[in-house]
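Remarks on the structure that follows.
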Amino acid sequence: MGEKIPMVEFKDVSKIYPKMKNPAVNHISFEIDKGDFCCLIGTSGSGKTTLMRMINRMNSVTKGEVLVNGKNVKSFNPVNLRRHIGYVIQNNGLMPHMTIRDNIILVPKLLKWPKEKLAGEAQKLIQMAELPESYLDRYPTELSGGQQQRIGVVRALAANQNLILMDEPFGALDPITRESLQNLVQNLQVRLGKTIVFVTHDMDEALKLATKVVVLHDGQLIQVGTPEEILHHPANDYVKSLIGEERLSEAKYETVKVKNVMTNPIKIDLGASLPDALTMMKEHRVDTLLVVDNSDHLKGYISIDDLQRNYSNASSVSDILITKLSTVGPDEYLRDNFSRIMSRNKSYIPVIDGDNKLVGIVTRASLVNVVYQKIWGDKGHTQNNTEKEAN
C-alpha cells in the first residue's frame, strides 16, 4: 500500500506582513487527515483565520508550503481551487438578490453542471439543511439567521467538495440556534465523511465538534491533539486558560454519556386536549410537558403558565406549543453538556436520537448524583449508608 496522503499539510508555514512587527503565522507544521474535523482555536490575533485562508489561497504563503491532497496550493489556479473547496463564513455569504435555489447551485453552475443535475442537487441540499423544499424559491431575507446559515453550510457541499473551510460560522447566532447548527454540521460530517477545517475561539465548540484540535497563540502553534489529549494534557497555562477551570474539572466525567444518566420523560401527544395536559401535570407534579407526535418525534414543550393563559381559547396542546428548546443526544458525553444543563433555568433537558425521537431526559438531580459519585465513589456511598444505619 502507498503512503497515506493528508488532506491538508502545513510544512514550516509562515505569513509575514510588511507593517507587522511579528509574523501573523510563524513556522507552523501539522497535518489534517482525510475525514478529520479539525478545529483551529485561539484568541483574536492568534493566526487561526490567516492559516485557514492559506488553504484556498485567499491568503498567500510567505514561507513554507501548504499542500492539499499532496499538491502545493501554489500549483493550482486560485479560482479553480476555491470552486473545489467549500467555504462557510459567519454572515453566511448568501447573495441577497438570488433565490435560495440559485444560491445553493451557484458553484455547480459555474462548473457547468447540466440543468437536470443542478435541479436534483438543489433538492438534495435543502433536505440536508432540514428545511422545506418550498424554501428554494424564497430569498435570503425571508429566512431567519439560523436558516440562512443552514443554507450557507449545505451550499459548501454543493459541488461535492471533500474539503470544507468554516470561519467562525456560528459566532453571531443565539445559543440554541448555534447548538442546532453544530449538530447539523457534525451529523453531515460523519455521514458524508467530509474533511472540515473549522475556526473558532470557543473551546466548548472545539471540544464538541473536533476530532483534532489545533491551539494557536500569537502566530505560534501551541498544541495539536484530540479533544481528550487537550483536556487531560494541556501543553501550558495558555491552553489551560482557554479550557477554563470548570472545563478541566468536568473532564472527570469524560467516560459518562448522556444515556447513562437519562431517565424516562413525561410526554404528551401533540393533539391532546388542554384538560388532559393539566391532569398530567397535576399527576406528575410538573410545570412543563414535552410534546411528541404519534411517532415520538419531539415537537416542543408546553408550560403551565401558557396553559393557564390559554385554557379557555385554545383547543389542543399544539395551539400553545413552544418549539424552540435545547436538546442533547444519548451518545454525547456529559463533559460536553454539563455546564449547559446545570445552568439552564429548566430542571431537565430532553434527549433525542438521530431521528429526532424523544428517548429520555437528563435532570439536574441526576447530574448532581454523578458529581457525588465522582467525588466520593463507593466509599462515600458506604459512608452514607453507615450514617443512615447509625441514625
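Brief remarks on what is shown
- Residues Y301, Y139 arranged by fewest to most Cβ contacts within 10 Å: Y139, Y301
- Exceedance of the 29 Å cut-off in Cα-Cα distance is limited, within the set K34/K112; K109/K299; K259/K282; K112/K212, to K109/K299; K112/K212.
- Furthest towards positive pole of dipole, M280, N260, G146, structure part the chain, Cβ charges: G146
- The tail of the calculated P(r) for the range 1-96, taken as Cα-Cα distances beyond 23 Å, holds 28 percent of the pairs.
- Within the shell defined by Cβ-Cβ distances under 10 Å, the residues around I89 carry a net charge of -2, with Lys and Arg each +1 and Asp and Glu each -1.
- Footprinting exposure proxy for I268, I176 (fewest neighbouring C-beta atoms within 10 Å first): I176, I268
- Rounded FRET efficiency, nearest 0.05, which uses the C-beta distance separating I5 from N80 and R0 of 22 Å: 0.65
- The range 207-316: trypsin sites (Lys or Arg not before Pro) falling in loop per DSSP and having at most 16 other Cβ within 10 Å: R285
- Here the translational diffusion coefficient of the range 258-367 follows from Stokes-Einstein with Rh set to the Kirkwood radius across Cα pairs; for 20 °C and 1.002 mPa s it amounts to 150 µm²/s.
- Charges were assigned to the Cβ only: +1 to each Lys and Arg, -1 to each Asp and Glu. The resulting dipole of the range 8-249 about its Cα centre is roughly 1180 debye.
- Relative to its residue count, the range 97-175 spans a Cα convex hull of 104 Å³ per residue.
- Among L111, P78, Q90 the positive-end extreme of the charge dipole of the range 59-133 (Cβ point charges): P78
- Here the range 194-341 is treated with +1 on each Lys and Arg Cβ and -1 on each Asp and Glu Cβ, and its dipole about the Cα centre works out to around 160 debye.
- Additional length obtainable on full extension of the chain from M95 to M280, 0.36 nm per residue less Cα span: 61.7 nm
- Within the chain, percent of DSSP bridges classed antiparallel, to nearest 5: 60
- Recomputing semi-axes √(5λ) of the Cα gyration tensor in Å from the coordinates shown identifies the correct label among [x] 37, 21, 20; [y] 41, 31, 16; [z] 39, 26, 18 as [y].
- Computed E for N260/N236 - FRET, C-beta separation, R0 22 angstrom, nearest 0.05: 0.10
- Candidate aspartates and glutamates for bridging to K11, where Cα separation is under 20 Å - those fewer than 8 sequence places away on the same chain excluded: E3, E31, D33, D36, E65, D218
- Taking a point 7 Å from the Cα of S60 along the Cα-to-Cβ direction, the residues of the range 1-31 with backbone N closer than 13 Å to it are 15-18.
Where a number appears in this text, it was derived from the coordinates with a stated rule and is not lab data. Just so it is clear, the structure is predicted and the values come from calculations on it, not from any experiment. Neighbour counts run over all protein chains shown; Cβ positions are idealised from the backbone, glycine included.
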